[in-house]
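Enquirer: Take this structure first; my questions come after.
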Amino acid sequence: MRQKIFDLTEQAPGLCKLLPKCLINAIENWLGFTEFNAGHSAVEDEWEAGSEENFFSLACKHLPLRYELEGLDNIPKEGPVVIVSNHPHGMSDGLMFGDVALKARSDVKIIVNEWLNYVRGMRPYTIQVDVYGGDKAKAANMRGMREAIKWLREGHCLLVFPSGSAATFSLRDARVIEDPWQENIAALARKTGATVVPMNISGRTSRFFQMVSMVAKGARSMFLPREIKRDIRTVHTIRLGKPITPTTMALLPDNTSLSNYLRLASCMLRYPLVSTAVTSAPRDMQPIAEPESPEVLQAELDKCEEDICYVNERAGLTVYALTAEKIPHLINEIGVQREITFRAVGEGSGLPRDLDAYDKHYVQLIMWDTKNKRLAGAYRIGRTDDIMREHGRKGIYNSLFFHLRHQFTNAVDNGLEMGRAFITAPYQRAAASLDTLWMGIGRYLNKHPEYRYLYGNVTVSQDYTPASRSLMLSYLRAHAMEAKLKKYVIAYEPPPALEIGLRSQDRRLVPTALCDLALMNTMVCALEPDGKGIPVLLRQYLRMGGKMVSFNVDPEFGNTLDCLVLVDLANAPERIMKRYRGL
C-alpha cells in the first residue's frame, strides 16, 4: 500500500489516538485527504505502467481539475521567464499552474511553501521558499533563493504565487482578496533580467475556508485538500498576459512599485477583454451626407492664403485657421468627415453631418492635403474671452457636459477651448498628421500670444474595453488632477459606474504600480485585443503637462469617458513648445 500524501494521524497524532479508525477515515474524507491521496496514487500507478506524462498533467486528469486556457503563446519559448499568478484557491492553483507552464516549456520549476512540498510528485519541479517574508524567513530561505536565481540565470522558467497563500475574505473590501505580493519576487525578476508573464486564475475559496482563515489563519492549510473537492466541480478560466520585459520593469523605481505593477497586470486579466462598441452604438443612424466636391473645396481655400498657419511640405499638408462664414462648403465637409471618423469608433451624432451651433462662432483649424485635395483632419478652437463676451457660458461647448462655475471660466478667460478633433482614416497611421495639426496650433498661438491656457474634452471611446477605460480613469485621478480648479467644474454625468469597474484592491495598486505614463500605456496595450495604447490625443495633452479638471460619461454611447483637460502653456515642457511654435 502506498504511503499517504496527507495522513491525519501524522497531522494530528494526539487527536487520532482518541478516535476510532472509522471516524478518522470519515474526517479524512471530509477534509479531502482521501480524494487527493487516491488521485496521487493513480498518478503513480500510471508512471509504474510506463506513462511519460508529467505529474501536473496526470494530477489534473485524475482529480480531475478542468480549465479553459487563453494566451499560452505569451510564454516565451526560451530564456529566463518568471510567471506570476494570483492564488485564488490553494493547492488546485499549483497543479493547474504547472500543467499550463509545461505545455509551453519543459524547463519549469515552481516555488512552493512547506505544505505543497508534501506532494511527492511535485518535488522534482519545486523550489521550497517561504514567500511570507520576515527577517527569520529571509535567513532560512537563502538556499532556496540562491537556487531560484541560479535557475533563472541558466535561462529557465520559474512559476511563482507571490502572495504565498490562498486569497481570503477581507472585511475592508467585502470580498475575497490576496495577501500583499512579496517584493522579493519582483527583486528576483529584476536581478536576473528575466521576462515576467502575468497569469490569472478565476474563482475563489469556499465560504467555510474563508471563515477558518478569519478565525484561525494558521490552521487553514489543513483544509486546502478539502478545497480541491470543491474546485473539481468548476471549469476554471486561466489567462496569460503579454510578457513584461526588463526594459518595462526598469521604469519602476523600486521593488514595491514593481511588485504592485506585476500584481496589477495579473489582476487586470480577470476582467472581460472585449469592448462595448458594437452593442452600445446609437440605434438611429441616418445616412451620411455626400462629400463636397474637391474642386469646390480647393477653390474656397485658394481665397484664404492669409489664414495659413503652417505648411508641412514633406507630408503635403497645410493647416488653416478659418471661421465658418468663410468656408460654407468646407464646413459641410468637416461635418461629413467628423461623422465618418467618429462612427468608426462607435460614436457619432447619427446625423448626416456632425455640425452644431458652436461651429458658427468657433475657429476651425483645418489640415488640408494639397496634393489629393481632401480634408485630412481638423480641430475646433474657441476663444474663451470672445465667447464669454458674446454668448456667455452657454456659448462654451463643454457647458453641454459640465457645469462650469464662474471661478473656472474666469481662470481660463485667456484660454482656448480645444475640441472636436479628428484625423480622417487615410491619415491616422501617419505620425506626421497629429504633429502637423499641433504645429498649426503652435503657430496660431504665435499670432495670439495673449492666450495662456488650452482646455477641452478628450474622449476615451467605447472602442476600448471597460477594464482599460476604468484603469485610465484611476490613473488620471491618481496622477493628473488639477488641484485648484477641479471643484469649480461639475460633470452632469459623473462616472461612478465606470470607476467601480475595477475592484477596490486593484484601484489601490494604481498610484504606485502606474507611476509613469509609459507604464500606463504599456498596460493598456497589453489589455486591448488590438494592442492599441491610450488615446493619442490624451497622451499628447499629458506630455504637455495637462491636468484633468473633471470627468463625464456619455450614456448614449456606451458610457464613453470624457476627460476635461487643462494645459497651462507657461508650464508646458519648453522643448515641446519651442518645436510647435517654431521658436
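Enquirer: Go through (1) under 18 Å from VAL489 (Cα atoms); (2) open to solvent by 20 Å² or more (accessible area, probe 1.4 Å); (3) polar (S, T, N, Q) one by one and return the number of the condition ASN372 breaks.
Expert: That leaves (1) as the condition not met.
Enquirer: While we're looking at this one, here's another question. What helices (runs of 4 or more DSSP H) lie completely within segment 401-494 and have 2 or more residues being hydrophobic (A, V, I, L, M, F, W, C), more than 26 Å from the chain's Cα centre (by Cα) and more than 16 Å from ASP568 (Cβ to Cβ)?
Expert: On the way: elements: 406-411, 431-447, 466-479.
Output list reads 431-447.
Enquirer: Filter segment 533-583 down to the residues that are within 27 Å of the chain's Cα centre (by Cα) and basic (Lys, Arg) and list them by number.
Expert: ARG539, ARG543, LYS547
Enquirer: Quick one: GLY582 ticks every box in (1) at pLDDT 95 or above; (2) at positive phi except a single one, so which number is it?
Expert: (1)
Enquirer: Hey, any hits in segment 35-43 for a residue that's modelled with pLDDT of 80 or more and either open to solvent by 20 Å² or more (accessible area, probe 1.4 Å) or part of a loop (DSSP other than H, G, I, E, B) (or both)? Working first, answer last.
Expert: Filtering segment 35-43 down to residues modelled with pLDDT of 80 or more leaves none.
No, every residue in segment 35-43 fails to be modelled with pLDDT of 80 or more and either open to solvent by 20 Å² or more (accessible area, probe 1.4 Å) or part of a loop (DSSP other than H, G, I, E, B) (or both).
Enquirer: Can I ask one more? Could you name every one of the helices (runs of 4 or more DSSP H) located completely within segment 120-201 that has at least 1 residues being over 28 Å from TYR67 (Cα atoms) and modelled with pLDDT of 85 or more?
Expert: Values: elements: 135-140, 142-153, 183-192.
Qualifying helices (runs of 4 or more DSSP H): 142-153, 183-192.
Enquirer: Further question on the same structure: Could you list, in sequence order, all residues of segment 324-344 that are over 40 Å from the mean Cα position of the chain (by Cα) and either open to solvent by 40 Å² or more (accessible area, probe 1.4 Å) or among the charged types (D, E, K, R) (or both)?
Expert: Correct list: GLU325, LYS326, PRO328, HIS329.
Enquirer: Among the numbered criteria (1) more than 18 Å from PRO243 (Cβ to Cβ); (2) open to solvent by less than 30 Å² (accessible area, probe 1.4 Å), which one does ARG172 miss?
Expert: Only one criterion in (1) more than 18 Å from PRO243 (Cβ to Cβ); (2) open to solvent by less than 30 Å² (accessible area, probe 1.4 Å) is unmet by ARG172, namely (2).
Enquirer: Which is surrounded by fewer than 22 Cβ atoms within 10 Å (Cβ to Cβ) and aromatic (Phe, Trp, Tyr), of TYR464, TYR475, TYR455, TYR451?
Expert: Numbers: TYR464 fails: surrounded by fewer than 22 Cβ atoms within 10 Å (Cβ to Cβ); TYR475 fails: surrounded by fewer than 22 Cβ atoms within 10 Å (Cβ to Cβ); TYR455 fails: surrounded by fewer than 22 Cβ atoms within 10 Å (Cβ to Cβ).
Of TYR464, TYR475, TYR455, TYR451, the one residue that is surrounded by fewer than 22 Cβ atoms within 10 Å (Cβ to Cβ) and aromatic (Phe, Trp, Tyr) is TYR451.
Enquirer: Across segment 61-81, which residue is nearest to PRO225 (Cα to Cα) among those that are open to solvent by less than 30 Å² (accessible area, probe 1.4 Å) and over 20 Å from the mean Cα position of the chain (by Cα)?
Expert: Once the filter is applied, the top-ranked residue is LEU63.
Enquirer: Quick check on this structure: which one of ILE327, ILE308 is closer than 30 Å to GLY415 by Cβ, β-branched (Val, Ile, Thr) and in contact (Cβ under 8 Å) with a residue 24 or more places away in the chain? It would help to see each step written out before you state the result.
Expert: Values: ILE308 fails: in contact (Cβ under 8 Å) with a residue 24 or more places away in the chain.
Of ILE327, ILE308, the one residue that is closer than 30 Å to GLY415 by Cβ, β-branched (Val, Ile, Thr) and in contact (Cβ under 8 Å) with a residue 24 or more places away in the chain is ILE327.
Enquirer: Given (1) over 28 Å from ALA378 (Cα atoms); (2) open to solvent by 10 Å² or more (accessible area, probe 1.4 Å), identify the lone condition not met by VAL510.
Expert: Only one criterion is unmet by VAL510, namely (2).
Enquirer: Please enumerate the residues belonging to segment 143-164 that are in contact (Cβ under 8 Å) with a residue 40 or more places away in the chain and open to solvent by less than 10 Å² (accessible area, probe 1.4 Å).
Expert: Correct list: ALA148, LEU152, CYS157, LEU158, LEU159, VAL160, PRO162, SER163, GLY164.
Enquirer: Quick check, is LYS103 basic (Lys, Arg), closer than 25 Å to ALA194 by Cα and outside any helix (DSSP H, G or I)? Working first, answer last.
Expert: Working: basic (Lys, Arg): yes; closer than 25 Å to ALA194 by Cα: yes; outside any helix (DSSP H, G or I): no.
No: the conditions fail for LYS103.
Enquirer: Restricting attention to segment 551-569, report how many residues are touching a Lys or Arg at 6+ places or on another chain (Cβ under 6 Å) and either farther than 13 Å from PHE401 by Cβ or open to solvent by 10 Å² or more (accessible area, probe 1.4 Å) (or both). I'd like the intermediate steps shown before the answer.
Expert: Filtering segment 551-569 for residues touching a Lys or Arg at 6+ places or on another chain (Cβ under 6 Å) gives 561, 566, 569.
The next check asks that each one be either farther than 13 Å from PHE401 by Cβ or open to solvent by 10 Å² or more (accessible area, probe 1.4 Å) (or both); those that pass are 566, 569.
Residues meeting the conditions: 2.
Enquirer: Do you know which of the residues in segment 353-369 that are within 17 Å of SER293 (Cβ to Cβ) and not acidic (Asp, Glu) is surrounded by the fewest Cβ atoms within 10 Å (Cβ to Cβ)? Please lay out each step first, then the result.
Expert: Narrowing segment 353-369 to residues within 17 Å of SER293 (Cβ to Cβ): 353, 366, 368-369.
Next cut, not acidic (Asp, Glu) only: 353, 366, 368.
On the way: ARG353: 19, ILE366: 27, TRP368: 23.
Looking at residues that are within 17 Å of SER293 (Cβ to Cβ) and not acidic (Asp, Glu), I get ARG353.
The values are calculated or read from the model by the stated rules, or taken from the named source; none is laboratory data. If you're wondering where the values come from, they're calculated on a predicted model, not measured in any experiment. Virtual Cβ from ideal backbone geometry, glycine too; neighbours counted across all protein chains shown. Accessible surface is based on the protein model in full, side chains and every heavy atom, while ligands, DNA and RNA are left aside. Shrake-Rupley method; radii C 1.70, N 1.55, O 1.52, S 1.80 Å.
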